[in-house]
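Report on one structure; see the data block that follows.
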Amino acid sequence: MAIGDRRYGEKSEISATECGFLNRTQLMEEKMNKTKMYIVCILLTILYVNLIGTNIRKGNLIIKLKENTRGETLDSFVNSFSHFDFVERRMLSNRYNIRLFSYNYEIVDGDHFLSILNQDYRIDFAEYDYYYSLQEYGQNDPDFNNQWALKNIAQEIEGQIGVQGADISAKQAWDLVQSIESYSHREVVIAVIDSTPFLYHEDINFWRNEAEINMDGTDPDGNGFLDDYYGWNACDDIALTNDNFGEHGTHVAGISGAITNNNIGISGLSNNIKIMPIIAFPDDYSEGYGFITAYNYILENRIRYNESNGSEGIYIVAVNMSYGKYESAIPLSRNAEYFMIQEMKDAGIIAIAGAGNGGRNIDEDRFFPASYKIANIISVASTTNQDVKTPDYTKHTATIK
């Protein structure tokens, strides 16, 4: 039986014996304080499904411009490459001046054009846009006993007896959170970047921006995003609506944010967090620029929270990144995704990134964003209920201690 109730994703092929988890309490104690350990425990279970992609989106470039490359300077920059049919398509982050451009790849070779652009004094860096693709994937909650990753008591799952204690110590994390008095006094939010979940699922605790409940084309909370009651559609850079929901997004959101102790379905990893859905996958594929827009939405709301001492904005503590791409040509630091994740670190946001389902050594065959060497990234591999690395998914992916 799958670890999640099929209501969280009809097409999920990941079974309980295939879905193990990297986080162990003793490792977290060495690397994080107790509060951060709890946040990690919340998130590590939702990353066994990864999204992979390797194809360059021909004709698209993501460019981070210098702060003063705006207005007439920006026009001059674009016009200087007009012979390549070079045009701006979309602002991805106004704060950081990151934009999406297009060019005619039949006129100029992409690698050659990038080499020219990355020497231009008006930009910080330029890079390709890439495609991403979806990959299939106690308590009184009736399916809790099948969730061996939360509490492994050597129960039999699909004919395989587990190893007692080979879990993420979820019960200890729950007990810990009860001892943190201040935790319950603010709304803690996890951003999940994925396909659209079913936003009215009876067993998932979704975040809502109550200031935008009317969705009337205005911006009552003044955060710069119109009508973001449900979250944000990063594909089109518009408000998220409750239609065209995807099974994958529902499944991922449910494992982290399912309501616990309500006699329905499974147990989520927290009794208190809320799931903020941010959509970067309109279908099984997505262009990489949507993720920059998604990171921008997260950063704008968390920075606003930080700067107002909690009176405005949203307390986003972590972002789930169940996606990625194998791409050895991507630099380890000089690109927009790296920059935005680094900014999330500075804002106080943990980034949980799947290490890929390809069974490859991601130190050698890099998988992004998991392969970025940034202090706030926790890369997650997969183990079985017998505490060994899952064949095919993470056999060679990571060293698990």
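Read the figures in this text as sums done on the coordinates, not as results from a lab. Since this is a predicted model, take the numbers as computed values, not measurements. Note: ideal-geometry Cβ built from the backbone for every residue, glycine included; neighbour counts use all protein chains shown.
Our estimate of slack between S308 and V388, defined as 0.36 nm per intervening residue step minus the Cα-Cα distance, is 24.2 nm. In terms of the mean number of neighbouring beta-carbon atoms within 10 Å, the peptides 198-207, 212-221 order highest first as 198-207, 212-221.
With 0.36 nm allotted per residue and the present C-alpha distance subtracted, the Q155-S328 stretch has 58.2 nm of extension available. Modelled this way, with points 7 Å down the Cα-to-C-beta line, the labels at Y315 and N262 are 2.1 nm from one another. Peptides 225-232, 287-294, 341-348, 250-257 ranked from most to least packed, by the mean per-residue count of other Cβ atoms within 10 Å: 250-257, 287-294, 225-232, 341-348. Which listed residue (I62, V108, M91) has the Cα farthest towards the positive end of the charge dipole for segment 56-133, taking +1 on Lys and Arg C-beta and -1 on Asp and Glu C-beta about the Cα centre? Looking along the dipole axis, the top candidate is M91. Distance between the 7 Å Cα→Cβ label points at Q119 and L226: 4.3 nm. Rounded to the nearest 0.05, the FRET efficiency derived from the C-beta distance between H83 and N214 at R0 = 56 Å is 0.70.
Scalar couplings 3J(HN,Hα) for segment 368-374, obtained by applying the Karplus form with A = 6.51, B = -1.76, C = 1.60 to θ = phi - 60°, are 9, x, 4, 7, 5, 9, 10 Hz; x denotes Gly and Pro. Taking Cβ atoms as reference points and 15 Å as the exclusive limit, the residues near A154 contribute a net charge of -3, counting Lys and Arg as +1 and Asp and Glu as -1.
For segment 56-133, averaging the sequence separation of C-alpha pairs within contact (under 8 Å, six or more residues apart) and dividing by the residue count gives a relative contact order of 46 percent. Spacing of the modelled spin labels on D346 and N272, each 7 Å from Cα toward Cβ, amounts to 2.9 nm.
Residue order for H248, H112, fewest other beta carbons within 10 angstrom first, comes to H112, H248.
In plain terms, the chain from E72 to N94 could stretch by 6.3 nm, reckoned as 0.36 nm per residue minus the Cα-Cα distance. Highest mean packing comes first when the peptides 55-63, 375-383 are listed by Cβ atoms within 10 Å, giving 375-383, 55-63. Over segment 56-133, the ratio between the Cα radius of gyration and 2.2 N^0.38 Å evaluates to 1.02.
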